[in-house]
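Trainee: Supplied in structure tokens, the structure appears directly below.
What follows draws every value from the coordinates through simple rules; no lab data is involved. Everything quoted here is computed from the prediction, not taken from an experiment. Note that we place each Cβ from the backbone using ideal geometry, even for glycine, and neighbour counts take in every protein chain shown.
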Amino acid sequence: MNALEVRGLTKEYPGFRLDGLDLTLPEGCILGLIGENGAGKSTTIKLMLGMLTRDDGTVIVCGQDPAAAPAALREDVGVVMDEAGIPASLTVKQVGKVMRDVFRQWEQETFDQLVQRFGLPEKKPFGEFSKGMKMKLGIAIALSHGARLLLLDEPTGGLDPVAREQVVELLHEFTRNPSHAVLISSHIVSDLEKLCDYIAFLRKGKLVLWEEKDVLLERYGLAHCTEAQFRQLPQNCICQHKRTPYGVELLVYRAQVPAGLPVSPVTIEELFVFMAKEAAE
């Protein structure tokens, strides 16, 4: 079963158009939504939550249209956005009390454990939290009300490397339940490479690719050659290339590469950079 199904999702603003987006997220999986600033990641998540009205297309979240069942969606989906929406005067302890009235399945013990795990101060007002501390609190709330799906918009932004690793561990723990799933957007591609089963790449409102991470890593590779060697290579093996002071660096289709050209593994970050260049041309 799919936790999330998006078909033909379209939203237009002056100077920007999210153009016919198709995405699927199976249960038990984590989908990484990659894109430069302004690519449409936050707009996509807000449309999935029913926070924005779509111009066209369909969105099914946990079996429901968010526009038709917003109250049920609130229970099933844990959300972390850039702005937490928590009053500045509230302490962590007070936030826990408020959330007990917001969510029917609020898990105070889980929340308290996560607050301790993140090392959050319980008596300090939220308005005095750093950006990283605010993000940690948002993640703790999202994981403490029995959600089946997490929609996380740049949740590792502002976190130090140790805290980012904590988040990675928590999300892996969350998806050990086969009925759970996570969509996470980030420009920190190294985090997504550790986390994700699927990768989707948005550029200027268009979906450049959506695929299983392991398939992408198997399909593509990196190669280096001289200018003369580059001119002799069959074009069907080259996805993208760039010239460097040391020759030509290639993103290649592994299955099409002729014998004799060494190919090394590509990271998702390297693939993202090459794909961004390809989409811009």
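Trainee: Go through Lys46/Lys134; Lys41/Lys242; Lys136/Lys194; Lys11/Lys131; Lys41/Lys97; Lys46/Lys131 and tell me which ones have a Cα-Cα distance over 23 Å in this structure. Working shown, then result.
Mentor: Details: Lys46/Lys134 20 Å; Lys41/Lys242 27 Å; Lys136/Lys194 19 Å; Lys11/Lys131 29 Å; Lys41/Lys97 32 Å; Lys46/Lys131 21 Å.
Check vs 23 Å cut-off fails for Lys41/Lys242; Lys11/Lys131; Lys41/Lys97.
Trainee: Still on this structure, please answer the following. Show that you can apply the helix-only estimate: for the chain, add -39,500 (n - 2.57) for every DSSP H stretch of four or more residues, divide by all residues, and state [θ] at 222 nm to the nearest 500.
Mentor: Result for the chain, helices only: -10000 deg cm²/dmol.
Trainee: From the alpha carbon gyration tensor of segment 218-280, can you work out the equivalent ellipsoid semi-axes (sqrt of 5 times each eigenvalue) and give them in Å, largest to smallest?
Mentor: Square roots of five times the eigenvalues give 17, 14, 11 Å.
Trainee: A follow-up question, please. Where the only charges are on Cβ atoms (+1 Lys, Arg; -1 Asp, Glu), what is the dipole of segment 1-81 about its Cα centre, to the nearest 20 debye?
Mentor: It works out to roughly 200 debye.
Trainee: For segment 52-138, what Kirkwood radius comes out of the mean inverse Cα-Cα distance, in Å?
Mentor: The answer is 14.7 Å.
Trainee: Taking the Cα of Glu173, stepping 7 Å toward and past its beta carbon, and measuring to each backbone N in segment 127-158: which are under 15 Å?
Mentor: 136-137, 139-147
Trainee: Quick one: dipole size for the chain, taken about the Cα centre, charges +1 on Lys/Arg Cβ and -1 on Asp/Glu Cβ, in debye to the nearest 20.
Mentor: The dipole of the chain has a size of about 420 debye.
Trainee: While we're here: Check which residues have an amide H placed less than 5 Å from Arg203's amide H, if you skip close sequence neighbours.
Mentor: Here Val208 satisfy the definition.
Trainee: So how much slack lies between Arg100 and Glu83, counting 0.36 nm per residue of separation and subtracting their Cα-Cα distance, in nm?
Mentor: On the way: separation 17, 0.36 × 17 = 6.12 nm, distance 2.05 nm.
Extra length available between Arg100 and Glu83 comes to 4.1 nm.
Trainee: Just going by the charge dipole of segment 185-243, with Lys and Arg at +1 and Asp and Glu at -1 on Cβ, which of Ser186, Gln235, Leu202 is farthest out on the positive end?
Mentor: Gln235
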